[in-house]
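This report refers to the structure that appears directly beneath it.
Values in this text are rule-based calculations from the coordinates and carry no lab data. Remember, it's a predicted structure, so these values are computed and weren't measured experimentally. Neighbour counts are summed over all protein chains in view; Cβ atoms, including those assigned to glycine, are modelled from backbone coordinates with ideal geometry.
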């Protein structure tokens, strides 16, 4: 099995298990509101949803680190594998420190979501074509939502709704990235925008 294919499968598993377990956790959380209850609230230790939700974060963390390790030798992906490793570490931090321990949870959230948004943006230069453009747009949407969420500008969606506007674009991007990894050939000639820029620069000297 090729490295990219394995990484794509691992990423797909990470997304699917999180989607299922997070939704089941919402059912276990009494009075859960999509508008007013943050996803991170599911992991607070006093809640019946905590064990399931935190388990999902741990699984995502382990899989994220594994994806980064599998892709590490793939130089065509630049620093994207490193960002997945850091994202995995962030997920483990969020599992260990629920939102009730805000400073530590925020560190985990930064590693998990801000850096994965950076990975989405990086795909614009790494993968020429439609996927690069879609990656750029989803990364920008997530960054914009992060800024407005921290500024407590919720556009009528509530804090929890605004939080989802950070997370959902990134999960859509990761699902698309998983498909790209499975279908792309790491042995194909380097053809990213960065590669083209460096080739053009070298031709001038």
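Rounded to the nearest 10 degrees, the inclination of helix 158-183 to the longest alpha-carbon principal axis of the chain is 40 degrees. Taking 0.36 nm per residue of separation and subtracting the current Cα-Cα distance, fully stretching the chain between residue 168 and residue 133 would add 10.9 nm.
If R0 equals 41 Å, the separation of the Cβ atoms of residue 46 and residue 74 corresponds to a calculated FRET efficiency of about 0.45.
With both labels modelled 7 Å from their Cα along Cα-to-Cβ, the residue 106 to residue 34 distance reads 2.9 nm. For the options 59, 21, 183, a Gaussian network treatment of the chain with springs between C-alpha atoms closer than 10 Å singles out 183 as fluctuating the most.
With the simple model of a label 7 Å out from the Cα in the direction of the Cβ, residue 24 to residue 182 spans 2.2 nm.
Entry note: the chain has Rg to Rh equal to 1.01, where both radii use alpha-carbon atoms and Rh is the Kirkwood radius. Figure legend: label point modelled 7 angstrom from the Cα of residue 58 along Cα→Cβ; residues of the range 81-114 with amide N under 11 Å from it are 95-96. Put simply, when 72-78, 114-120, 7-13 are sorted by average Cβ atoms within 10 angstrom per residue, most first, you get 114-120, 7-13, 72-78.
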